[in-house]
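Right, I'll just put the structure down here and ask away after.
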Amino acid sequence: MTTKFDPVAAMADSRHEFGEHGGVNLSIEASTTFTVMAADEMPKIFRGERGPFSMQARNATGGCYLYGRNFNPTVYTFGRMLAAMEGTEAGYATASGLGAIAAVLMQFCNSGDHIVASKTIYGGTFALLKEFFPLKTGVTTRFVDLSDMVAVELALQQTKAKVLYIESMANPTLEVADIPALSAIAHRYGAALVVDNTFSPMILSPVPLGADVVIHSVTKYISGASDVIAGAVCGSEEFIYSLMDLHVGSLMLLGPTMDPKIAHELTLRLPHLGLRMREHSARALVFAQRLEERGAKVCYPGLASHRQHDVLARQMNEGFGFGGLFTLDLGTVERANRLMEILQNEHSFGFMAVSLGYFETLMSCSGSSTSSELTAEEQQAAGISPGLIRVSIGLTGSLEQRWAQLVDALQKVEQPLGR
Ligand SMILES: *Cc1c(COP(=O)(O)O)cnc(C)c1O
């Protein structure tokens, strides 16, 4: 990669949507249905000759909305902002990250088609691909180790997969995908590269790096407040519009719609996502470095000791660091649990809760929580040890205050338990 993408500049260059009365913020279009001024407009909308959901109509006549499960103007604007951030032609938001993942994969695959996916992916996505899809849709998935390019290539060749599905930074081992290399392999075998970029918004821009579609669980960093469940899809105009097709569009027909009030709120958070990512990353790096100096088993892509440190450094955009997540391996579940209890109940360090990207620190034991859909063998294969704590570093308090709390808790756990 020679030219780096700048998501902050791209967002600033995109059109600013004003409110109905000249407000600096856009208005909320809180309507589930939309009128037409002439009765003969309605059949044209349904035939796809008018309306934002038809590229043909959009090019010819401009916007005309139909019904809230289809495009809504406020959600559409949020989608445009996300598309600018991801460097894609178009984007649209959904009611959840998993809603976006399911819709995208069902749009690409028909019954009997195959997917090749990384074996280190979010537990819900893993269950969707491994159990739900084969049972309900006849779409099957072969799971591969992304660092083994020969295995990826072989799987794509043998299965004639429609999609190569990966996470830019994988949950919870923080493995970093080599997006340019994987996109080249996927395209050689006619597969689309779909990337879940939930862990690394702003830091990685998968489409400029060669991917076809980007998905986010907006629930995490983009929201930043752990208060709403939301998702998004960014890609080509043709693909985003196909999701809303009245006859075969997965978003239109499965209906994981984002509420315009939620979309409006999220448009007010996106402008400071870059600042938040920078702070999350800066703190995570200091913590990871200091933990490593103490001899702890810490895994963070910003450390030279991380397996894909160079892979990330080569692809990442400038100014947002290496992400806000690291893992700490305490060896056993008991020690991991004790550390988290001290940090939550004796200090104000953070909370024992799944999820990530919150302004407060969140800690969870991956093996017994977010990755518990995987069997013990699958967890071992994915590098998830029982004492592994995933930490999503928050922004509150001072860095030194938080570090002192962590050191105190570590010292308490390191003391023998008297057995
Ligand atoms: C949380 C998460 C999802 C699922 O998103 P929801 O918004 O909870 O539906 C998908 N992928 C990753 C990487 C996640 O962390």
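Any read-out appearing in this document is the output of simple, stated calculations on the displayed coordinates, not a laboratory observation. Please read all numbers here as calculations on a predicted model, not as lab measurements. Glycine gets a Cβ as well: all are built from the backbone with ideal geometry, and neighbour counts include every protein chain shown.
What is the Cα convex hull volume of the chain when expressed per residue in Å³?
On the way: hull volume 61.7 nm³, N = 419.
Residue-normalised Cα hull volume stands at 147 Å³.
Once fully extended, how much extra length lies between HIS187 and ASP408, figured as 0.36 nm per residue of separation less the alpha-carbon to alpha-carbon distance?
Working it through step by step, the gained length comes to 74.5 nm.
Between GLU293 and GLU20, what FRET efficiency follows from the Cβ-Cβ distance if R0 is 51 Å, with the result rounded to 0.05? Write down the numbers at each step before the final one.
Values: r = 55 Å, r/R0 = 1.08.
Efficiency, from the Cβ-Cβ distance: 0.40.
Roughly how far apart, in whole Å, are the Cα centres of region 150-166 and region 246-269?
Cα centroid of region 150-166 versus Cα centroid of region 246-269: 30 Å apart.
What percent do you get for the relative contact order of the chain when only Cα pairs under 8 Å and 6+ apart count?
It comes to 16 percent, rounded to a whole number.
Indicate, rounded to the nearest 5 percent, the antiparallel portion of the DSSP beta bridges found entirely in the chain.
55 percent
Rank LEU105, THR137, VAL116 by how far each Cα sits towards the positive end of the charge dipole of region 60-151 (+1 on Lys, Arg Cβ; -1 on Asp, Glu Cβ) and give me just the farthest.
In region 60-151, that residue is THR137.
May I ask for the angle, rounded to the nearest 10°, between helix 273-293 and the longest principal axis of the chain, with both axes built from Cα atoms and the value confined to 0 to 90°?
Relative to the chain, helix 273-293 is tipped by roughly 20 degrees.
Further, regarding this structure: Please list, or write none, the lysines whose alpha carbon is within less than 23 Å of the alpha carbon of LYS130, excluding same-chain residues fewer than 8 places away.
Within the straight-line cut-off, LYS130 pairs with LYS119, LYS160, LYS162.
Among 11-17, 354-360, 160-166, 43-49, how do they line up from the highest to the lowest mean number of other beta-carbon atoms within 10 Å?
On the way: 11-17: 12.6, 354-360: 19.7, 160-166: 23.9, 43-49: 15.0.
Result, highest mean first: 160-166, 354-360, 43-49, 11-17.
Restrict the search to region 377-413; then list the GluC sites (Glu not before Pro) that DSSP places in a loop and that have at most 16 other Cβ atoms within 10 Å of their Cβ.
The qualifying sites: there are none.
How big is the antiparallel share of DSSP beta bridges in region 155-292, given as a percent to the nearest 5? Working shown, then result.
Details: 5 of 13 bridges.
Bridges in region 155-292 that DSSP calls antiparallel: roughly 40 percent.
Grab the Cα-Cα distance for PHE132 and ALA381, subtract it from 0.36 nm times how many residues apart they are, and report the gain in nm with one decimal.
Between PHE132 and ALA381, full extension yields 87.5 nm more.
Sorting check: for 106-118, 330-342, which peptide has the highest mean count of neighbouring beta carbons within 10 Å, and how do the rest follow?
Descending mean neighbour count gives 106-118, 330-342.
If you don't mind, another one. Determine, from the Cβ-Cβ distance of ALA30 and ARG269 and an R0 of 25 Å, the FRET efficiency 1/(1 + (r/R0)^6), rounded to the nearest 0.05.
According to the calculation, E is roughly 0.85.
Against the longest alpha carbon principal axis of the chain, how many degrees, from 0 to 90 and to the nearest 10, is the axis of helix 97-108 turned?
Value to nearest ten degrees: 50.
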